[in-house]
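Trainee: My questions will all concern the structure given below.
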Amino acid sequence: MLNKVTEITVIAPYSLGVRFSDGTSGTHDCASIVQEPGPMFEPLRDPKYFARVFLEFGAPTWPNGFDMCPDWLHMTMTAAGELHHDAAE
């Protein structure tokens, strides 16, 4: 894993504020992810459940065991122009 998520916050029902170990941060809208089919995604559709996100080994994780690969999240956010370097870094 090249990047780890060092801080995660819920910004809106399906948006996450993310800070990475490389000093970048931004907001990612996860609305399309929670609409994916399958039993791991279904609980995430409930905004209260989605808000239960926590970090486990640098990966955004939910109580049902679903997690996001930090490298995938970083690449996705970079491609969408959602990341910026923190001024303190």
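Trainee: Report whether or not residue 75 is farther than 18 Å from residue 11 by Cα and of a type in the set (A, V, I, L, M, F, W, C).
Mentor: yes
Trainee: Which one of these does residue 9 not meet: (1) in a strand (DSSP E or B); (2) surrounded by 15 or more Cβ atoms within 10 Å (Cβ to Cβ); (3) polar (S, T, N, Q)?
Mentor: (2)
Trainee: Looking only at residues that are outside any loop (DSSP other than H, G, I, E, B) and touching a Phe, Trp or Tyr at 6+ places or on another chain (Cβ under 8 Å) in the range 19-35, which one is surrounded by the fewest Cβ atoms within 10 Å (Cβ to Cβ)?
Mentor: Across the range 19-35, the extreme among qualifying residues is 31.
Trainee: Let me ask something else. Which of the residues that make up the range 54-72 are in a strand (DSSP E or B) and within 9 Å of residue 4 (Cα to Cα)?
Mentor: Taking the range 54-72 as the starting set, the residues that turn out to be in a strand (DSSP E or B) are 54-56, 59-61, 67.
Within the range 54-72, just 59 meets the criteria.
Trainee: Within the range 42-55, which residues are without any contact (Cβ under 8 Å) to a residue 40 or more places away in the chain and surrounded by 12 or more Cβ atoms within 10 Å (Cβ to Cβ)? First the steps, then the outcome.
Mentor: To start, the set of residues in the range 42-55 that are without any contact (Cβ under 8 Å) to a residue 40 or more places away in the chain comprises 42-49, 52.
Selection gives 42, 43, 44, 45, 46, 47, 49, 52.
Trainee: Sticking with this one: Among all residue pairs at least 6 apart or on different chains, which show Cβ distances below 6 Å where the first residue, located in the range 65-76, is within 17 Å of residue 26 (Cβ to Cβ) and at pLDDT 95 or above and the second is buried (at least 20 other Cβ atoms within 10 Å of the Cβ) and β-branched (Val, Ile, Thr)?
Mentor: Final answer for the pair search is 70/5.
Trainee: Before we move on, is residue 55 in contact with a Ser or Thr (Cβ under 8 Å, 6 or more places away or on another chain) and either β-branched (Val, Ile, Thr) or at negative phi (or both)?
Mentor: yes
The values are calculated or read from the model by the stated rules, or taken from the named source; none is laboratory data. Model, not experiment: these values are computed from the prediction. Heads up, the Cβs are rebuilt from the backbone with ideal geometry, glycines too, and the neighbour counts pull from every protein chain shown.
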